[in-house]
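Report on the following structure.
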Amino acid sequence: MINKEIKEIINKAVKDLYRDIEIPDFVVEWPQDKDFGDYASNVAMVLAGKLNKDPMEIAEEIKNILRQAQDDKQQIQDNNNVMVSLSNHQDDINKSLFSEMTVEKPGFINFKISDQILRKNLCKILKRKCKFGSSEIGKDKTVVIDYSAPNIAKPMHIGHLRSTIIGQSLYNIYKFLGYKVIGDNHLGDWGTQFGKLIYAYKNWGNKKEINKNPIKEMTKLYIRFHKEAEKDKDLEEAARKETKRLQDKDIENLKIWKFLVKESLKDFKKIYKVLNIKFDYTLGESFYDDMLENVVKEGFDKKIAIKSEGAVIINLDEYNLAPLLIRKSDDAYLYATTDLAAIKYRKEKFKPDKILYVIANEQEFYLQQLFASARLFGLSKNIKIEHIKFGMVLGKTGKKFSTRKGETVELNDLLNKAIKLSQKTVEEKNPKLSKKEKKKIAKIVGLGAIKYNDLSQNRMTDVSFNWDKMLSFEGNSAPYLQYTYARINSLNEKYKKTHKLNRINILNKPDFGLLVDKTEKDIMRQLIKFPEAVENAARENSPHFIALYIYELASLYNNFYNSAPILKSEKNIAKARIYLSKSVAIIIKNGLNLLGIDTLKKM
Ligand code: ARG
């Protein structure tokens with residue numbers, strides 16, 4: 001990773017220059033304005049206070065010593081070169097990292113990566129292909145990711161969709177970085193809502209209708225329960241009794257519950273299949289039921305839990321948080337009790353280094369309480385437990401996303417709509433394709449559009465659903481990226497055909513020295529940063545770093561594509577350009593795959 005290499009080099013230089021100084025934390029990052037260079041560091045500025053010196057002066061000193069070191073290295077390499085000039089490992093030997101270093105006010109040092117390194121990177125991409133950008137930084141580390149987690153007997157809603165898409169992408173990213181990843185779907189399959197559902201089922205349920213369309217009917221019944229409970233105060237109590245009966249494993253209630261779980265899962269699995277979502281575990285809240293008593297007991301033993309008006313709470317004064325309720329006065333356990341049991345279970349079973357909760361912003365306060373309680377229980381020692389929060393989904397008008405009737409949006413309808421709309425575009429763009437092909441493309445494009453719309457924005461902000469923008473073949477959208485990929489692929493196919501090649505293979509030795517145009521260099525400069533984009537996404541648990549990165553890459557590529565002939569240029573230049581294009585395709589595909597989005601060879 002180039003940014004890390006630069007950081008190391010700077011560290012060494014600073015140590016050589018200002019002996020005994022303790023180096024404060026500094027960054028090596030991508031400058032906003034690429035004209036300044038590929039990387040910029042603020043090291044001189046953070047040292048200024050310590051050295052009591054003008055940062056511009058420090059920057060010059062560091063720059064000079066770095067240049068000196070590089071020149072020395074070049075000298076040695078040149079000498080070696082004479083000895084091995086007949087070998088064709090030129091690229092390996094000429095390793096100077098920078099082609100240019102400049103100092104910029106108020107004390108930045110800017111670096112431009114040398115052409116040799118950029119060319120070498122192209123070879124690396126073409127060799128490693130789908131592995132390029134992957135690493136071993138997560139070796140021997142385990143991450144548990146809690147995502148999706150819809151609730152039984154209710155339709156999965158758009159908030160769950162966000163959790164599902166973001167969670168799966170994080171899963172892919174961590175895996176790519178060598179982590180052991182455990183995806184757990186913490187289904188809402190237990191709790192007080194089941195008392196209400198069971199009450200409604202028993203008293204008002206039309207079995208025939210329910211069997212025909214279980215979740216829809218149950219949702220209706222659930223809404224009815226709340227309406228009637230407003231009028232009839234006894235209903236809540238009756239529902240509580242049903243919940244208790246379920247928890248006490250009453251046969252009839254258990255049977256109704258099992259039916260609801262089975263039917264809901266059927267629906268959820270359909271959506272997971274369409275979206276290609278996978279979990280290692282689907283434990284769900286019910287799984288922890290018989291551990292809940294122990295949570296409370298342990299709370300008492302550890303003197304964290306206290307009784308309060310018949311209920312049991314965890315006092316969180318020391319964290320400036322409201323107390324967390326873990327048992328109600330009627331002895332019922334809660335969502336929170338289950339989550340505490342789940343942390344304990346995950347800790348013991350998976351020995352994770354990290355647990356990520358991909359849950360909407362709305363639960364932020366609750367999760368703070370949960371994590372603080374876990375700390376008091378001693379559950380989070382050596383485990384990083386994090387809330388990966390995200391914003392709401394808004395409609396085009398900026399209001400919370402809902403249907404005209406004000407009901408929540410059915411995800412299935414939403415996914416189908418995306419596919420249908422993209423089918424229309426495919427039809428327009430490519431009327432000659434077979435029906436089957438069109439369908440396949442429409443599916444990949446439509447679902448890609450939904451995923452990309454979510455993942456290309458900072459997850460903390462609300463996302464809006466604007467179909468035109470999402471499905472557009474221009475601008476920052478999945479179809480644009482998929483189209484760029486397909487375009488490169490057809491270019492490569494043509495090249496292979498004319499040259500009777502089976503594959504665009506690096507062993508055919510393209511001469512990347514022929515790539516000298518600015519548009520080509522810009523692409524090469526972007527390509528070298530892919531591993532960093534992946535790492536940024538993991539560090540911030542934000543897939544949008546990858547989305548932003550690929551969008552920029554695709555834009556640079558299209559600039560090049562529109563300004564330079566590829567197949568029609570001189571033979572060797574054409575070859576170099578084809579291999580450059582191939583590298584871009586590899587990275588677009590890698591990036592999109594990390595977002596859970598498929599690519600198409602033809603569109
Ligand atoms: N089922 C919950 C909901 O729909 C989300 C669960 C998230 N995971 C957790 N461990 N609490 O709001």
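Can you pull out every residue in the stretch 369-390 that is of a type in the set (D, E, K, R) and more than 13 Å from the ligand (Cβ to nearest atom)?
Correct list: Arg375, Lys381, Lys384.
Of the residues Leu177, Leu122, Leu187, which is within 15 Å of the ligand (Cβ to nearest atom), within 35 Å of the chain's Cα centre (by Cα), buried (at least 20 other Cβ atoms within 10 Å of the Cβ) and of a type in the set (A, V, I, L, M)?
Result: Leu187 is the single residue among Leu177, Leu122, Leu187 that is within 15 Å of the ligand (Cβ to nearest atom), within 35 Å of the chain's Cα centre (by Cα), buried (at least 20 other Cβ atoms within 10 Å of the Cβ) and of a type in the set (A, V, I, L, M).
Across the stretch 125-151, which residue is surrounded by the most Cβ atoms within 10 Å (Cβ to Cβ) among those that are under 30 Å from Gln32 (Cα atoms) and among the β-branched types (Val, Ile, Thr)?
Among them, the one singled out is Ile125.
Within the stretch 348-363, track down each residue that is more than 10 Å from the ligand (Cβ to nearest atom) and either part of a helix (DSSP H, G or I) or without any contact (Cβ under 8 Å) to a residue 24 or more places away in the chain (or both).
Across the stretch 348-363, the qualifying residues are Glu348, Lys349, Phe350, Asn361.
Can you name the condition, by its number, that Leu415 falls short on among (1) at pLDDT below 95; (2) surrounded by fewer than 18 Cβ atoms within 10 Å (Cβ to Cβ)?
Tallying (1) at pLDDT below 95; (2) surrounded by fewer than 18 Cβ atoms within 10 Å (Cβ to Cβ), Leu415 fails exactly one: (2).
Which numbered condition trips up Lys154, out of (1) surrounded by 21 or more Cβ atoms within 10 Å (Cβ to Cβ); (2) assigned to a loop (DSSP other than H, G, I, E, B); (3) within 16 Å of the ligand (Cβ to nearest atom)?
If we test Lys154 against (1) surrounded by 21 or more Cβ atoms within 10 Å (Cβ to Cβ); (2) assigned to a loop (DSSP other than H, G, I, E, B); (3) within 16 Å of the ligand (Cβ to nearest atom), just (1) comes out false.
Is it true that some residue in the stretch 496-505 is farther than 30 Å from Asp454 by Cα and touching a Lys or Arg at 6+ places or on another chain (Cβ under 6 Å)? Reasoning before the result, please.
Looking only at the stretch 496-505, we keep the residues that are farther than 30 Å from Asp454 by Cα, and these are 496-505.
With the extra rule that they be touching a Lys or Arg at 6+ places or on another chain (Cβ under 6 Å), the set shrinks to 504.
Within the stretch 496-505 (the criterion being farther than 30 Å from Asp454 by Cα and touching a Lys or Arg at 6+ places or on another chain (Cβ under 6 Å)), the answer is yes, since at least one residue qualifies.
Suppose we filter Leu447, Leu433 for residues that are among the hydrophobic types (A, V, I, L, M, F, W, C) and either in contact with a Phe, Trp or Tyr (Cβ under 6 Å, 6 or more places away or on another chain) or in a loop (DSSP other than H, G, I, E, B) (or both); which single one remains?
Every option except Leu433 fails the conditions.
In the list Tyr452, Tyr366, Tyr345, which residue meets the criterion of being more than 16 Å from the ligand (Cβ to nearest atom) and assigned to a helix (DSSP H, G or I)?
Of the residues listed, the single one that is more than 16 Å from the ligand (Cβ to nearest atom) and assigned to a helix (DSSP H, G or I) is Tyr452.
Tell me which of these Asn320 doesn't satisfy, since it passes every other one: (1) over 25 Å from the mean Cα position of the chain (by Cα); (2) among the polar types (S, T, N, Q); (3) over 18 Å from Val296 (Cβ atoms); (4) within 14 Å of the ligand (Cβ to nearest atom).
The failed condition is (4).
Identify the residue in the stretch 134-151 that is hydrophobic (A, V, I, L, M, F, W, C) and more than 12 Å from the ligand (Cβ to nearest atom) and, among all such residues, is farthest from Leu283 (Cα to Cα). Write out each step before concluding.
To start, the set of residues in the stretch 134-151 that are hydrophobic (A, V, I, L, M, F, W, C) comprises 137, 143-145, 149.
When the remaining residues are screened for being more than 12 Å from the ligand (Cβ to nearest atom), the result is 137, 143.
Working: Ile137: 28, Val143: 16 Å.
Applying the filter and picking the extreme gives Ile137.
The values are calculated or read from the model by the stated rules, or taken from the named source; none is laboratory data. What you see is a predicted model, and the numbers here were worked out from it, not measured in a lab. Every residue, glycine as well, gets a Cβ built from its backbone with ideal geometry; the counts of neighbours run over all protein chains shown.
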